Ligand code: SER
């Protein structure tokens, strides 16, 4: 029976991954951790530890305490926040990865999941159907940490036999936990504002096309790559992963089909430059071939699900407070 630790479990992806892993491995075999108790839902629904991803000894003690064999390292500072705090982003994103890779190298754990991102690509990368192996000159601190992290993952696998697996997540869209500090966050905020205000001011321009994915697909990809036999994982840096690509204008049109009065206006800020440096679409043939990756949600199905779930969330909050 596998014993799993999720570091950064309170975040957008970590929180939903934790619930899924509890379903798979059983509540007593999954330990969620984060630097604060702020995600109450997570803290109250299973085993939870306060853990600073920058603290090697704290991670080591937690692994020993629970006899952990698999770590999902989901803590990171994302692209927009990283540009405001470059050294903090470097410090958190790199040191947490080294701590976990070194614990795997020392034999304290057997398996590691660490997410990479489309941010590893930059303005010189071919932006349409970006290949798995291509030019990578990221211009954000976040992108630099993810690119360097990928190199270290591959190095630890080749040199020390560490079983580390990684995905280049596109922008992830979900309704349970808000994302924080990313450039793709507009695609989550827009759904909330569509329900609460019927209007949204977008911080990217209307034609900014980016690769995106619904959370359920991202969680499935994560679980699938971790469950695949080791020999199927031929890429030990990180796999390209794709589902849908759209612009804010196309997303607004998809929302308008369900909420006709919805209005969007555009006021691009510093995140526009980050978005412009990233691919528009991704070629993920290697993931589809090597471990049978498939996505299920298109723009319409995702929009329907997002609006349905958020509507009932806001309705029940209103009911609760009245
Ligand atoms: N969603 C991330 C960001 O916008 C990209 O991996 O920073």
Quiz item: Taking the condition assigned to a helix (DSSP H, G or I), in contact (Cβ under 8 Å) with a residue 24 or more places away in the chain and within 16 Å of the ligand (Cβ to nearest atom), does residue 150 pass?
Solution: yes
Quiz item: Which of the residues spanning region 167-191 are more than 10 Å from the ligand (Cβ to nearest atom), touching a strand residue (DSSP E or B) at 6+ places or on another chain (Cβ under 6 Å) and part of a helix (DSSP H, G or I)?
Solution: 190
Practice problem: Within region 83-136, track down each residue that is closer than 13 Å to residue 277 by Cβ, touching a residue at least 40 places away in the same chain (Cβ under 8 Å) and in contact with a helix residue (DSSP H, G or I) (Cβ under 9 Å, 6 or more places away or on another chain). | Solution: 83, 117, 118, 119, 120, 121, 122, 123, 130
Quiz prompt | Near pairs, Cβ below 7 angstrom, 6+ apart or cross-chain, from region 256-281 (at pLDDT 95 or above) to any residue that is within 13 Å of the ligand (Cβ to nearest atom) and assigned to a strand (DSSP E or B) | solution = 275/210; 278/210; 279/211; 280/210; 281/211
Practice problem: Please specify each residue of region 35-46 satisfying the condition of being buried (at least 17 other Cβ atoms within 10 Å of the Cβ) and part of a loop (DSSP other than H, G, I, E, B). | Solution: 39, 46
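Quick check on residue 164: is it at pLDDT 95 or above and in contact with a strand residue (DSSP E or B) (Cβ under 6 Å, 6 or more places away or on another chain)? Full working, then the answer.
Values: at pLDDT 95 or above: yes; in contact with a strand residue (DSSP E or B) (Cβ under 6 Å, 6 or more places away or on another chain): yes.
For residue 164, the condition - at pLDDT 95 or above and in contact with a strand residue (DSSP E or B) (Cβ under 6 Å, 6 or more places away or on another chain) - is met.
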Practice problem: With the condition kept exactly as written, say whether any residue in region 54-76 is in a loop (DSSP other than H, G, I, E, B), modelled with pLDDT under 95, surrounded by 20 or more Cβ atoms within 10 Å (Cβ to Cβ) and away from the ligand (no atom under 16 Å from the Cβ). | Solution: no
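Could you check region 282-294 and list, in sequence order, the residues that are touching a residue at least 24 places away in the same chain (Cβ under 8 Å) and surrounded by fewer than 21 Cβ atoms within 10 Å (Cβ to Cβ)? Talk me through it step by step, then tell me what you get.
Here is the first cut: in region 282-294, the ones touching a residue at least 24 places away in the same chain (Cβ under 8 Å) are 282-287, 290-293.
Result: 283, 285, 286, 290, 291, 292.
The values are calculated or read from the model by the stated rules, or taken from the named source; none is laboratory data. Computed from a prediction, not measured in an experiment: that's the story for all the values here. Note that we place each Cβ from the backbone using ideal geometry, even for glycine, and neighbour counts take in every protein chain shown.
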